[in-house]
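To start, the structure under review is shown below, and the notes come after it.
The values are calculated or read from the model by the stated rules, or taken from the named source; none is laboratory data. Remember, it's a predicted structure, so these values are computed and weren't measured experimentally. Positions of Cβ are backbone-derived with ideal geometry, glycine not excepted, and every protein chain shown enters the neighbour counts.
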Amino acid sequence: MKQFIKSSILFLVLVATESIFSQNSKEMNTLSFEAYIAYVKQHNPLMKKANLRLSLGEATLLKARGGFDPKIAVDYERKKFKETEYFDQLSSTFKIPTWYGVGFNVKYEENTGAYLNPNLKVPDGGLYSAGVSLSLAQGLLINERMASLKKAKFFMQQTKAERDVLVNELIYNASKAYFKWLSATNEVDIYTAFLQNAQTRLNAVKKSVAAGDKAKINITEARITFFNRQLNLEAVLLKEKKASLEASNYLWVNDIPLELKEEIKPIKTELYILEEVHVMDGVTNPKYVVDNHPKILSYDAKIKSLQVDRSLKKNKLLPKINLQYNFLSKENNQLNTFNTGDYKAFVNFSVPIFLRKERGDLKLARLKLQEKNFERTATSLYLQNKIGAVKAEIRSLNTQNSLIKNMVNDYKMLVQAEERKFLMGESSLFLINSREQKLMDARLKENTLLIKQLNAKASLHNVLGV
């Protein structure tokens with residue numbers, strides 16, 4: 001068991017394991033992306049709901065297999081009126097259904113009574129029978145039991161794929177919530193740093209004015225910049241709080257929701273899923289990837305199930321020809337007492353004249369199968385195009401991030417140069433603030449592009465179904 005740490009470090013109410021934190025023991029007030037997602041996978045109720053899909057498939061399969069369970073049936077009926085026993089009938093049967101339209105049965109009958117139907121008369125001690133029932137046309141190669149079991153197996157595959165789809169969407173949405181939280185936290189740090197610059201510059205200007213080196217109007221300009229950045233910081237602090245609460249929506253333990261404390265921050269790194277560039281580079285055959293996507297696997301299972309249903313409906317166009325043959329004997333301890341001379345048999349034949357119901361069912365089954373095939377084709381094309389679009393977006397964002405980093409460095413150099421000129425009396429506070437505003441805008445743009453890049457890679461994992 002992992003050692004539990006105090007809840008005051010991470011959550012307002014409950015405790016969390018050390019895995020919820022960054023691997024760096026010095027950063028006990030941070031929450032890494034990997035630990036965040038791991039906690040979502042382990043405790044989120046939607047993850048548990050997704051796993052219920054597997055249980056649903058297993059229960060359906062168990063139910064379908066019940067159609068091939070051996071059965072014991074006992075019928076007993078007795079009538080007595082005015083001291084006269086009209087009849088006393090006992091019939092017990094043991095039946096074994098098989099995969100095809102064949103069934104085996106063993107039966108025992110004991111019937112007595114003054115008014116017993118003549119065809120129910122049996123020898124003293126009862127009558128034993130053993131035989132077979134067979135469907136010669138409809139129901140031989142496929143029947144309701146066979147179809148139900150086959151469809152249940154495909155439903156198992158479908159529920160597994162659907163579980164993967166639900167998990168995939170949960171992790172994707174949780175990732176976006178974390179990156180949104182990270183974006184707001186980065187903005188808070190940016191505005192805080194520039195607010196400190198404005199505070200430092202305001203204090204310096206006040207000293208210069210007091211010394212008679214600068215005009216008093218410079219204090220007003222520096223103060224306006226300070227207040228403006230303070231206002232911006234207040235806005236992003238609210239934004240960070242909302243984003244933190246949104247990220248908390250995915251954190252649960254023992255079916256109890258958790259809320260992140262204000263001290264907890266996301267780790268400021270660009271390596272979350274960016275390290276998995278090989279995933280994107282490995283997508284050399286989008287069609288192969290798409291064919292193994294959970295959504296497509298789910299469609300494939302549904303299509304196979306509909307194909308079974310179509311075969312069953314097609315089989316119902318055949319006439320019903322049911323044959324049953326039973327060997328009879330008044331002894332049950334020796335097999336040689338059963339012979340072909342003593343038997344009970346019947347044949348049942350029926351067929352609708354127009355087969356309108358059967359032909360209608362078959363047509364509906366074919367239409368449903370065509371509809372699902374169309375949906376699979378459209379979804380497959382959408383996923384292939386989505387993969388291409390996301391890959392193009394990631395490559396473009398990689399280029400944009402490289403460019404914005406260069407721009408940030410250049411703006412830093414301009415601000416530093418402008419500050420040196422200001423100290424030598426060759427510049428003004430207005431120019432410094434203008435340069436610094438450009439730098440701040442570039443830093444915010446850099447943060448926006450980083451989050452877009454993270455979201456794009458999360459989207460790639462989502463569309464790949466991994």
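Computed quantities for the displayed model
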item	result
So T159, is it in a helix (DSSP H, G or I), over 20 Å from the mean Cα position of the chain (by Cα), assigned by TED's automatic domain parsing to the domain that holds L429 and of a type in the set (V, I, T)	no
Test result for F430, touching a residue at least 60 places away in the same chain (Cβ under 8 Å), surrounded by fewer than 16 Cβ atoms within 10 Å (Cβ to Cβ) and either assigned by TED's automatic domain parsing to the domain that holds Q230 or aromatic (F, W, Y) (or both)	yes
Residue that is of a type in the set (K, R) and not assigned by TED's automatic domain parsing to the domain that holds K302, where the choices are K391, K405, K363, K386	K363
Matching entry among L116, L136, L120, L141 (being buried (at least 16 other Cβ atoms within 10 Å of the Cβ) and over 30 Å from Y250 (Cβ atoms))	L116
Odd one out for I264 among (1) modelled with pLDDT under 80; (2) in contact with a Ser or Thr (Cβ under 8 Å, 6 or more places away or on another chain)	(1)
Neighbours by Cβ (under 9 Å, 6+ apart or cross-chain): first from region 369-397, free of Cβ contacts under 8 Å to residues at least 24 places away in the same chain and basic (K, R); second surrounded by 14 or more Cβ atoms within 10 Å (Cβ to Cβ) and part of a helix (DSSP H, G or I)	R395/M280
Test: residue in region 191-206 that is over 20 Å from I451 (Cβ atoms), touching a Ser or Thr at 6+ places or on another chain (Cβ under 6 Å) and not in a helix (DSSP H, G or I)	no
Test: residue in region 440-452 that is in contact (Cβ under 8 Å) with a residue 24 or more places away in the chain and of a type in the set (S, T, N, Q)	yes
